[in-house]
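*Asks:* Okay, here's the structure, questions in a sec.
The values are calculated or read from the model by the stated rules, or taken from the named source; none is laboratory data. Just so it is clear, the model here is predicted, and its values are computed rather than measured. Here the Cβ positions follow ideal geometry from the backbone for every residue, glycine too, while neighbour counts run over all protein chains shown. For accessibility, only protein heavy atoms count, side chains too; no ligands or nucleic acids. Shrake-Rupley method; radii C 1.70, N 1.55, O 1.52, S 1.80 Å.
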Protein chains: 4
Amino acid sequence: MDNNNRRSLTPFQRKWHDIIFEANTPAGKLFDVILLVLILLSVIVIMMESVASLGTRFGIWFRVLEWLFTIVFTLEFIFRIYCSYRPRAYIFSFYGLIDLLCILPMYLEFIFGGAHFLLIIRVLRLLRVLRIFKLVQFINESQQLVLAMKNSRRKIGVFFFFIILLTIVLGSLMYVIESAHNSGFTSIPISVYWAVVTLTTVGYGDIAPVTPLGQAFSAMIMIMGYAIIAVPTGIVTVEMNRIRSKNEVSMQVCPNCMREGHDIDAVYCKYCGSKMEK
Amino acid sequence: MDNNNRRSLTPFQRKWHDIIFEANTPAGKLFDVILLVLILLSVIVIMMESVASLGTRFGIWFRVLEWLFTIVFTLEFIFRIYCSYRPRAYIFSFYGLIDLLCILPMYLEFIFGGAHFLLIIRVLRLLRVLRIFKLVQFINESQQLVLAMKNSRRKIGVFFFFIILLTIVLGSLMYVIESAHNSGFTSIPISVYWAVVTLTTVGYGDIAPVTPLGQAFSAMIMIMGYAIIAVPTGIVTVEMNRIRSKNEVSMQVCPNCMREGHDIDAVYCKYCGSKMEK
Amino acid sequence: MDNNNRRSLTPFQRKWHDIIFEANTPAGKLFDVILLVLILLSVIVIMMESVASLGTRFGIWFRVLEWLFTIVFTLEFIFRIYCSYRPRAYIFSFYGLIDLLCILPMYLEFIFGGAHFLLIIRVLRLLRVLRIFKLVQFINESQQLVLAMKNSRRKIGVFFFFIILLTIVLGSLMYVIESAHNSGFTSIPISVYWAVVTLTTVGYGDIAPVTPLGQAFSAMIMIMGYAIIAVPTGIVTVEMNRIRSKNEVSMQVCPNCMREGHDIDAVYCKYCGSKMEK
Amino acid sequence: MDNNNRRSLTPFQRKWHDIIFEANTPAGKLFDVILLVLILLSVIVIMMESVASLGTRFGIWFRVLEWLFTIVFTLEFIFRIYCSYRPRAYIFSFYGLIDLLCILPMYLEFIFGGAHFLLIIRVLRLLRVLRIFKLVQFINESQQLVLAMKNSRRKIGVFFFFIILLTIVLGSLMYVIESAHNSGFTSIPISVYWAVVTLTTVGYGDIAPVTPLGQAFSAMIMIMGYAIIAVPTGIVTVEMNRIRSKNEVSMQVCPNCMREGHDIDAVYCKYCGSKMEK
């Protein structure tokens, strides 16, 4: 990142910036670990509150804890803005938005009841875990995964577009076939939902065909689904293969015969035997 | 396309041909966008009518709207034929047939009740969306997908043939094992349907084995299904890999014979033997 | 095949051998087509008999038809032996054994009731369809599929061995967790069946965990199953890729520079430019 | 392995060491086969005891047999330690720990009732089957599988981390949507369990959305799951492909530096530059 547009910080701000935003110093690491523990505790409290037997007995304690966590995270958010070189950039960054989303639901509950369960989104803050513990290898791997998904996003987009059209058509056909036989295909949207459940091989069984024609047609859809489920797998596999291959062949050229395609550990050219420059 | 067999159009027809069939002019784009909106509205109306609670309350309005949409699309279809250079070619083209199928069900309902729900097939007209918005990249990607499916159609055909024979045999065996125990395997066709549901890992659970022998046999079928589901995935992945690799072939053209498709490491043209420029 | 050990046939036998075993002559093709139709009819009759509503009404007719088909196929089987150059080899060949299996159940029913439904195995005789209609391309493709499965049979064998051990261990753990809570995990074999249903992602739902611990453990099994289902897919894909690649690179060597790896359509060596021998 | 730290054994110990730990001699092979049979019998007895109808009738006999097997395996374990060159290394080896785990549950039952069903873990001792029957080919194949899993463990770890965060977020959203409609989404942990069941395409159907919004959201999750299930498959396939390719690398050894791993088309050693013999 360029250092322009950076506002100047006081020494106090700068010191805390290093603690909050970096994880190189012992203090910075300690801060991050405490944060992680608080996030985990907060997520566990929300989960426990949602369990009826616990929620009714300890409800009041859970609410108190949730308010405490929310206040702590709100203060942290404000402090992050205060210590940031570019407050605006932080707020609109990926992590900044998540930090905001993680405190908003509590305040929103004054307007919409039950909204505070959305606080669970705090779990996404755990994504920082990779950065904090310097799991560089894992970051590298996850970037490869993200890159593979990114490179295949267009193909997957087209695939999803076809799947949506297909499920609407198949669902409607099943509605015409089954709707008169009390089999759960009560409307076209429900039938489209059934088509998605079937094509993705999830198969809840909450809706299932009962007429012979409907069952024969479903069987056809499922066998067709065999070929369809192969498509995204193929897309992603091919993409990963390319990323993997690129990472493995050296970009070096032999200084003598000028040929490429050498392994990364090659010292001599495998074609003409002349020494290669490192 | 060759320009033979084209009938000559009046200026009026030609002007509208550009608006209806092309999407290069502002007027053509506007026409297509309006069409898309109408198609989407029409699909939503049909979906809503199928929902019982809405269908009974607003039924009459939905029918009126559906008739309106059908009349508009009918007029559009006639106008497309009128403005086309080769009306016959248009009618029997992929899009022409869909355009026809999208208005027929409404008229068919005078003969078969409930047929008008098939109007939902209109959703397929949305396929034009790719062309209209000049999503060239997406068209390219979707052509790659279609090509991969096309190239592997024989292997997938053979695979489906085996699957059908296999499900008939497995279903019948389960029928012999389970039919005496009131477990839903009431006939061979139903048992074949169960075998398809199981092998494809959909697993509704509307029919499930209850005898120990039946459950042991099902478990064997499922584990076998592990290897089977790998087959179409393998077929499609290999095919996509090839298409991808071909796209990575050198863009070089032989300076002598002007042919393409050379490997990246080629020094001489593999067709005419003349030296290639690096 | 070598021509030794062949017994000599009379001209009558030889003529019928060509009709029955070959599909080159019009008579041979006709014979095969009639046979296919009879097999299909026979399979349909057995399926229809198993449907309760049809079976009780037309039961007697179905039995008559089944006896008729069985007599025809028995005569055909005897005639095949009579016309074969090597009767023993025919009987113990893949097709010979299927031909025998396709008539046996009818006679076995005198001993075991209900066995005649196994006649459905006749459907396997349809495998001949590939040979009869000279669908050479399809035979080639199916051989590639069979070869891929064959080459990966050891890896898949090891994989199945692991899966069986794994499901036994996981099933027993779930039995210990769930058995006291009336949730369908009534015995270890049933729990192992559940583990197979879950790991293969079939998921009938006839048995599902009800305790929080059981559900948490199941969720872990399912996520683990994500990685497991990838294994057979990987095995088969890699194998298919190799078969595909082998089929595509010419085995030709350049007569001048002796290098390999030329495309099948190459006329000149891509490394030294000298003409290659076809 | 180095021979240091080995204690010296008496001839009696040495003789039995060869019988118990090796499978080269007839006596060693016999010992292993008897052991395998005992393990299988023991596993079958535990399974049968868990079946209610058998457990109540023959319960006492099963207990006697289980104690017998446990005593035999305990003696075997002690004897293995006694005959081992490095007892400590044996106890903490993979097989040593399994051997211990296979006798512990019986003794633990004095403390925890029902624990003896964990004896089923004995089935893992069958892993020795590969070693005993010298199924070298299979060992090689299974090592390739294990290697592929090992190499992709980081990518799969990252993938699992994302999946866990994703299921928590999706489950909570579904809880907020569905919890008020008596549809089984009774708490956030249950909803997370549902999200795992759905994303892995297991789909029991014990919990299924009933509100239109919940069904629409589920359909979106499932279609998204299409792309997600492709990820581990891609990871494992690419890894297997690499292992396979490496195995296809030339078996040539450089005549000068004696290093391996050269590409098949290498003319000069890529490590020391000396010419290689073809």
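*Asks:* Please work out which one of (1) open to solvent by 50 Å² or more (accessible area, probe 1.4 Å); (2) among the hydrophobic types (A, V, I, L, M, F, W, C); (3) more than 23 Å from residue A:169 (Cβ to Cβ) is the condition residue B:72 fails and give its number.
*Replies:* With respect to (1) open to solvent by 50 Å² or more (accessible area, probe 1.4 Å); (2) among the hydrophobic types (A, V, I, L, M, F, W, C); (3) more than 23 Å from residue A:169 (Cβ to Cβ), residue B:72 is out only on (3).
*Asks:* May I pose another question? Name the residue, out of D:246, D:278, that is over 21 Å from residue A:163 (Cα atoms), at pLDDT below 85, open to solvent by 20 Å² or more (accessible area, probe 1.4 Å) and not in a loop (DSSP other than H, G, I, E, B). Let's see the steps before the verdict.
*Replies:* On the way: D:278 fails: not in a loop (DSSP other than H, G, I, E, B).
Only one candidate qualifies: D:246.
*Asks:* Which one of D:164, D:156, D:235, D:228 is open to solvent by 40 Å² or more (accessible area, probe 1.4 Å) and assigned to a helix (DSSP H, G or I)?
*Replies:* The match here is D:164.
*Asks:* If I go through region A:180-191 residue by residue, how many of them are in a helix (DSSP H, G or I) and open to solvent by 50 Å² or more (accessible area, probe 1.4 Å)?
*Replies:* Residues flagged as in a helix (DSSP H, G or I) and open to solvent by 50 Å² or more (accessible area, probe 1.4 Å) within region A:180-191 amount to 3.
*Asks:* Taking the condition of a type outside the set (S, T, N, Q) and open to solvent by less than 40 Å² (accessible area, probe 1.4 Å), does residue A:174 pass? Please lay out each step first, then the result.
*Replies:* Details: of a type outside the set (S, T, N, Q): yes; open to solvent by less than 40 Å² (accessible area, probe 1.4 Å): yes.
For residue A:174, the condition - of a type outside the set (S, T, N, Q) and open to solvent by less than 40 Å² (accessible area, probe 1.4 Å) - is met.
*Asks:* Go through region C:185-228 and give me each residue that's among the aromatic types (Phe, Trp, Tyr) and more than 9 Å from chain D (Cβ to nearest Cβ).
*Replies:* Scanning region C:185-228 gives C:185, C:193, C:194, C:217.
*Asks:* In addition: For region A:87-104, does any single residue satisfy the condition of being under 16 Å from residue A:125 (Cβ atoms) and in contact with a Gly (Cβ under 9 Å, 6 or more places away or on another chain)?
*Replies:* Yes, because at least one residue in region A:87-104 is under 16 Å from residue A:125 (Cβ atoms) and in contact with a Gly (Cβ under 9 Å, 6 or more places away or on another chain).
*Asks:* Can I ask one more? How many residues are of a type in the set (A, V, I, L, M) and over 23 Å from the mean Cα position of the chain (by Cα) when one looks only at region A:141-194?
*Replies:* Number satisfying all stated conditions: 13.
*Asks:* Given the residues A:65, A:41, which is the only one that is closer than 30 Å to residue D:190 by Cα, in the same structural domain as residue A:128 (by TED's automatic domain parsing), free of Cβ contacts under 8 Å to residues at least 60 places away in the same chain and within 24 Å of the chain's Cα centre (by Cα)?
*Replies:* Unique residue meeting the criteria: A:41.
Each row is one residue, and each column tells you yes or no for (1) farther than 18 Å from residue B:39 by Cβ; (2) modelled with pLDDT under 85; (3) surrounded by 13 or more Cβ atoms within 10 Å (Cβ to Cβ).
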{"residue": "B:59", "(1), (2), (3)": "yes, yes, no"}
{"residue": "B:62", "(1), (2), (3)": "no, no, yes"}
{"residue": "B:65", "(1), (2), (3)": "no, no, yes"}
{"residue": "B:94", "(1), (2), (3)": "no, yes, no"}
{"residue": "B:113", "(1), (2), (3)": "yes, yes, no"}
{"residue": "B:121", "(1), (2), (3)": "no, yes, yes"}
{"residue": "B:126", "(1), (2), (3)": "no, yes, yes"}
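*Asks:* Examine region C:143-150 for a residue that is at pLDDT 85 or above and open to solvent by less than 10 Å² (accessible area, probe 1.4 Å), and state whether such a residue exists. Spell out the reasoning first.
*Replies:* Initially, region C:143-150 is screened for residues at pLDDT 85 or above, giving none.
No.
*Asks:* Would you say residue C:212 is in contact (Cβ under 8 Å) with a residue 60 or more places away in the chain and not hydrophobic (A, V, I, L, M, F, W, C)? Before the answer, list the steps.
*Replies:* Working: in contact (Cβ under 8 Å) with a residue 60 or more places away in the chain: no; not hydrophobic (A, V, I, L, M, F, W, C): yes.
The answer is no for residue C:212.
*Asks:* State all residues of region D:65-100 that are touching a Lys or Arg at 6+ places or on another chain (Cβ under 8 Å), of a type in the set (D, E, K, R) and closer than 14 Å to residue D:6 by Cα; if no residue qualifies, say none.
*Replies:* Matches in region D:65-100: D:86 only.
*Asks:* Just the residues that are over 17 Å from residue C:102 (Cβ atoms), of a type in the set (Val, Ile, Thr) and assigned to a helix (DSSP H, G or I), please, taken from region C:8-53.
*Replies:* C:19, C:33 - these are the residues of region C:8-53 that are over 17 Å from residue C:102 (Cβ atoms), of a type in the set (Val, Ile, Thr) and assigned to a helix (DSSP H, G or I).
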